[in-house]
Amino acid sequence: MTIITDPLFYALAIPAVISLGLSKGGFAGMGQIATPMLALIMPPLEAAAILLPIMLVQDANAVWVYRKDWSGRIVAIFVSGSLIGIGVAWWLASYISDAAVRIFIGGFTIAFVAYSIVGMMRVPREPGQPGIRDGVFWGALSGFTSTICQAGSPPYQMYALRLRLSKMTFVGTTAMTFALINVIKVVPYFALGNFTTKSLGTSLVLLPLAMVTNWLGFWLVKVTPQERFYRIMLVVMLVLSLELTREGVMELWAH
């Protein structure tokens, strides 16, 4: 089994894996920057294939840690919708523009953050109910963007944050949802030939760092107050969405 030996790859892969570990630890959204960072020096789907085995191990860890704190209804609705998006992404993988996906996902996430900030400034928001129609829609969008460029978090957060779940239920439901979505994604990744001995070997090299930052994420979530937690989530979403939009625009401009 061979591995990638390019120093530039590891200069980008190390911060990417750290952000991914914190994300899987509970700070959903932080890991969204991981694939775009690696995509600076390799095809996005190849970068995603390196990260997916790491994510699967982290998902198993997160599901065990948060096994008592999750909503089965939300997971069932959202993952059902994600099957549609994963199937569409599998079909369009050879044709869709990564730049267009980044601009789209970045744009509506920025709009959601702005809406959430204005809403919090007006009146306290009551917890919502996990509707089936909305869940299937956002689930499909999340499954699509997660498969194309590992950017499934903003659609999920646009659905889940409106429900105003308790901090631990939000984190646990996120962990369970994306654990299932990532397992499903293994099928199209294999079918598209994205897994190679080199990519799997490189994933194995990066795994110890991923696990350390994963446990750091678990600790940070537990010690962060709930209202501050939601504010951090919105800030993370805004920063990453701006970066996704910028990258998409620059890529389209270059071509």
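Only one residue in Leu165, Leu161 is of a type outside the set (Lys, Arg), modelled with pLDDT under 90, in a loop (DSSP other than H, G, I, E, B) and closer than 18 Å to Arg73 by Cβ. Which one?
On the way: Leu161 fails: in a loop (DSSP other than H, G, I, E, B).
The match here is Leu165.
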**Message:** Filter region 63-102 down to the residues that are charged (D, E, K, R) and open to solvent by less than 70 Å² (accessible area, probe 1.4 Å) and list them by number.
**Reply:** Asp69, Asp98, Arg102
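If I filter region 4-24 for residues that are outside any helix (DSSP H, G or I), out of contact with any strand residue (DSSP E or B) (no Cβ under 6 Å at 6 or more places or on another chain), open to solvent by 40 Å² or more (accessible area, probe 1.4 Å) and modelled with pLDDT of 80 or more, do I get at least one hit?
First, pick out the residues of region 4-24 that are outside any helix (DSSP H, G or I): 4-6.
Cutting the leftovers down to out of contact with any strand residue (DSSP E or B) (no Cβ under 6 Å at 6 or more places or on another chain) gives us 4-6.
The next check asks that each one be open to solvent by 40 Å² or more (accessible area, probe 1.4 Å); those that pass are 5-6.
This time we only want the ones that are modelled with pLDDT of 80 or more, so: 5-6.
Yes, the conditions are met somewhere in region 4-24.
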**Message:** So the check is Cβ under 7 Å with 6+ separation or different chains; which pairs have a first residue in region 194-214 that's touching a residue at least 24 places away in the same chain (Cβ under 8 Å) and a second one that's of a type in the set (Asp, Glu)?
**Reply:** Asn194/Glu46; Ser199/Glu46
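What helices (runs of 4 or more DSSP H) completely inside region 27-111 contain at least 2 residues that are among the polar types (S, T, N, Q), in contact with a Lys or Arg (Cβ under 9 Å, 6 or more places away or on another chain) and touching a residue at least 12 places away in the same chain (Cβ under 8 Å)?
Working: elements: 34-38, 44-65, 72-92.
Correct list: 44-65.
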**Request:** For residues that are open to solvent by less than 70 Å² (accessible area, probe 1.4 Å), β-branched (Val, Ile, Thr) and out of contact with any Leu (no Cβ under 9 Å at 6 or more places or on another chain), scanning just region 182-218, find the one that is modelled with the highest pLDDT.
**Result:** Thr202
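Residue-by-condition table, conditions (1) farther than 18 Å from Gly21 by Cβ; (2) outside any helix (DSSP H, G or I); (3) within 20 Å of the chain's Cα centre (by Cα); (4) of a type in the set (Lys, Arg):
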{"position": "Val186", "(1), (2), (3), (4)": "yes, no, yes, no"}
{"position": "Asn194", "(1), (2), (3), (4)": "yes, yes, yes, no"}
{"position": "Ser199", "(1), (2), (3), (4)": "yes, no, yes, no"}
{"position": "Leu209", "(1), (2), (3), (4)": "no, no, yes, no"}
{"position": "Trp215", "(1), (2), (3), (4)": "no, no, yes, no"}
{"position": "Glu227", "(1), (2), (3), (4)": "yes, no, no, no"}
{"position": "Val239", "(1), (2), (3), (4)": "no, no, yes, no"}
{"position": "Glu243", "(1), (2), (3), (4)": "yes, no, yes, no"}
{"position": "Leu252", "(1), (2), (3), (4)": "yes, no, no, no"}
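The values are calculated or read from the model by the stated rules, or taken from the named source; none is laboratory data. Being a predicted model, the structure only gives us computed values, none of them experimental. Note: ideal-geometry Cβ built from the backbone for every residue, glycine included; neighbour counts use all protein chains shown. The accessibility values were calculated without ligands, DNA or RNA, using every heavy atom of the protein model including side chains. Shrake-Rupley method; radii C 1.70, N 1.55, O 1.52, S 1.80 Å.
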